[in-house]
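The values are calculated or read from the model by the stated rules, or taken from the named source; none is laboratory data. Computed from a prediction, not measured in an experiment: that's the story for all the values here. Backbone-built Cβ (ideal geometry, glycine too); neighbour counts: all protein chains shown. SASA here: full protein model, heavy atoms, side chains in, ligands and nucleic acids out. Shrake-Rupley method; radii C 1.70, N 1.55, O 1.52, S 1.80 Å.
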Amino acid sequence: MSATMACNPDLSDHSVLGDARLTRVSRTAYVIGWIALLVGCFEAWKQPDAHGFAMIWLQNSIFILTLALGAFFFTLIQHITAAGWGVAVRRVAEAQAANLQWLWVLFLVPMFWLVATNHSWEGRGHGLALVWPWADLSHLTAESPAEGAVVSAKSAYLNPTFFLIRATIYFVFWGLASRWFLQASRAQDQTGDPAISKRMRFMAAPALILFALTSTFAAFDWIMSLSPAWFSTMFGIYFFAGLCASGFSAIAIACLRLQSLGYLRGVINSEHYQDLGKMIWAFGIVFWAYIAFSQYMLIWYGNLPEETVWFIARQVGDWSMVSVALILGHFAIPFLFFVSRWTKRWRTTLLVGALWMIAFAWIDIYWLVMPVVPHDVATFTTYDQLAHAYQATSTGLSNPVNYLICAGFLGLFIGSATGRLARGAVLCRRDPRLEESLRFENI
Amino acid sequence: MTHPNSPRGTQGVAPAATYGIMAEFETPAQIMEAAKKVHAAGYRFWDCHTPFAVHGLDKAMGIKRTILPFLVLGAGATGATLGFTLQAFTNATGTSIWALVWVTGYPFLVSGKPLMSVPAWVPVIFELTILLSALSAAGLMLLLNGLPRLSHPLLANNRFRRATDDRFFIVIEARDPKFLRSKTEAFLKSLNAKSIEVVEDR
């Protein structure tokens, strides 16, 4: 209803249609990504630790997955709430989420380890190479009979066949759904048909339910089952809060980059950035801390050995530093940083905050995936004894392979998403709510 | 100019004081333009009344951002401090009042945890933070707006009723240092108002 507008949105082809500027970014990202990946694999080859490499691969695959899932969730809530403000940034999220179509390829490596150790490579000293310990019950039982007994009771769920079936279901759903939402939105670019908006809103409801189920069980399957005797019903929602932090931050960064390339001039303004910042703050920082603390407090208060071991593994040696770094870096510091209005509206501070959140989202996944619960944990009588025995535990964060593989995956991720944007519009240019989004103002 | 409906407009009663002058506009665009000019003219005690939120009007009026967020931040910090000290005092420590009377809390061991078990206190700290923030946000918002109040001179004006329907009003109050009835009236006329009316303070 505003009669005056702060800026004039540029809706010309140069501003909203992907072209050579984006193709160039995409190609650069692919080249850097492949080089980093190859160097990373070469570095890993020099280190004889096949298991460590599989874990690094898995951790980075999950991290990259959170970027796409966060964007997918963003798209879905835009549709289900019939949000007007987000139309200006929605295509960026859709293109980012559409990477879910090929991210399953990254998971083939840890899955291959799983299949290989259980079938063709049986009896080849495979214990070292296992990614998910429950896959080899006999080995697990030999190392820790108590843990083996607990895990064998879960074998109806935690067995390779069902595990692979579930993984297939998750990726089939994510791939098809993210593809459908991108294509429907693109079809609207051509026709401007409001019925497409209604159809997307209608589909968003079942998609959100399935998203909640698949992301929860994916977190159970791929991260929580790394410590198969341990369990937390809150784990799925913790993973969800984390993927909001990285996914929404990536959307903000992508929008900033698009504008610096000369796209979407005046289309995305500080009002939209403030709302993106709010989403990062609410979901990725506050809600994440709320869930993380709730999970911690229940286990701390209950004080049951089979539950506390998971946190103990994260409080020995260098891991205690990472735990404290997460509290400060994923919650306290960004909480205070993004609580202000102007840090979300000013591009430089938003970029710094979003990059910071992505870095700590990566550390969060690392903290979830990498620590190993000691098998002899039950033999200690006090925490101090255990902490003393494991005080030299290293986090492995100094291993350059982590960062090379991460850079490699990021390169492929950015290359693919940018290439997708280069082939079409970078804006839902004929969405019926576009006008509302362009005129949006925070009260 | 006496309002036709005014009960005090009858003979023998002193005329009511002037509350201000009201100008009526028909569209958001008109009031937006007018508000910019009123602000530029240097008036301080004036306001816009619209049937719905007109985005950008605050800026056109030159209204400063509210201090409410900082007050709420303070209230939240107070709640957090209160929650912590309350539990620290009752669960874990005692204190002496002017070094004379020793007041003790109720130290109670739960499942062998230390008396000073901060994780267990976080829910109470959190809830008190939210409680004080929410209450102060709502309460201070009302106070800063000068609410609650039982009546307002504008509400007795018949023409003003359309502020909840389809008309947009600018009211310059008589207490404004720059207010001069003839001048202000002429100024508001120059803004292309649909009508100008003096509002009495009753």
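Per residue, the accessible area of the stretch A:339-443 comes to 46 Å² when a 1.4 Å probe rolls over the protein heavy atoms. Treating r as the C-beta distance of B:LEU144 and A:ALA359 and R0 as 41 Å, the FRET efficiency rounds to 0.55. The angle between the Cα long axis of helix A:50-80 and the longest principal axis of the Cα atoms of chain A comes to about 40 degrees, rounded to the nearest 10.
As a size descriptor, the averaged projected area of the C-alpha convex hull of the stretch B:101-202 was calculated at 14.6 nm².
Accessible area lost on pairing A with B, both sides, 1.4 Å probe, Å² to nearest 100? About 1400 Å² of accessible surface is lost on pairing.
Computed about the Cα centre, the dipole magnitude for chain B is approximately 400 debye when only Lys and Arg (+1) and Asp and Glu (-1) carry charge, each at its Cβ.
Projected label points at A:TYR157 and B:SER111, each 7 Å from Cα along the beta carbon direction, are separated by 2.2 nanometres. Taking every protein chain into account, the 1.4 Å probe leaves A:THR379 with about 100 Å² of accessible area, to the nearest ten.
Split the accessible area of the stretch A:29-438 by element, probe 1.4 Å, and carbon with sulfur accounts for 70%.
From most to least packed by mean Cβ count within 10 Å, the peptides A:166-179, A:232-245 give A:232-245, A:166-179.
Approximating the spin labels as points 7 Å out from Cα along Cα→Cβ, the A:ILE443-to-B:ILE67 distance works out to 2.3 nm. Distances between every pair of Cα atoms in the stretch A:255-377, grouped in 10 Å steps from 0 to the bin holding the largest one, split as 12, 36, 27, 16, 8, 2, 0 percent. Annotation: extensible slack from A:SER138 through A:SER394 equals 89.4 nm (criterion: 0.36 nm per residue apart, minus Cα-Cα distance).
Legend: helices of chain B (whole DSSP H runs) are marked when their alpha-carbon atoms reach 30 angstrom or more along the helix axis and their mean Kyte-Doolittle hydropathy is at least -0.5; marked are B:118-144. Its alpha carbons considered, the stretch B:68-144 gives a radius of gyration followed by a Dmax of 15.7, 49 Å. Maximal additional length on extending the A:SER323-A:ALA282 stretch stands at 12.6 nm, based on 0.36 nm per residue less the C-alpha distance. With a 1.4 Å probe rolled over the protein heavy atoms of all chains, the accessible area of B:LYS64, B:LYS194 falls in the order B:LYS64, B:LYS194, largest first. For the stretch A:381-430, the equivalent ellipsoid derived from the alpha-carbon gyration tensor has semi-axes of 47, 15, 5 Å in decreasing order. Size check on the protein assembly as shown: the Cα extents along the three principal axes, sorted descending, read 110, 80, 38 Å. Across the options A:TYR273, A:ALA135, A:ALA218, the greatest Cα extent toward the positive end of the charge dipole of chain A (unit charges at beta carbon of Lys, Arg, Asp, Glu) belongs to A:TYR273.
Need the C-alpha centroid separation for the stretch A:399-417 versus the stretch A:252-304, integer Å. Computed from Cα coordinates, the inter-centre distance equals 22 Å.
Quick one: which of A:LYS198/B:LYS59; A:LYS278/B:LYS59; B:LYS59/B:LYS189 span more than 25 angstrom between C-alpha atoms? Checking Cα-Cα distances, A:LYS198/B:LYS59 exceed 25 Å.
Peptide B:55-62 shows a mean partner chain C-beta count of 4 within 10 Å per residue C-beta. For A:THR28, project a label point 7 Å along Cα to C-beta. Then give me every residue of the stretch A:235-278 with its amide nitrogen under 17 Å of that point. Flagged as within label range: A:253-263. Relative to the longest principal axis of the Cα atoms of chain A, the long axis of helix A:194-222 lies at roughly 20 degrees.
Computed with a 1.4 Å probe on the full set of protein chains, the accessible area for B:LYS37 sits at about 100 Å². Principal axis extents of the C-alpha atoms in chain B (largest first, rounded to whole Å): 79, 43, 30.
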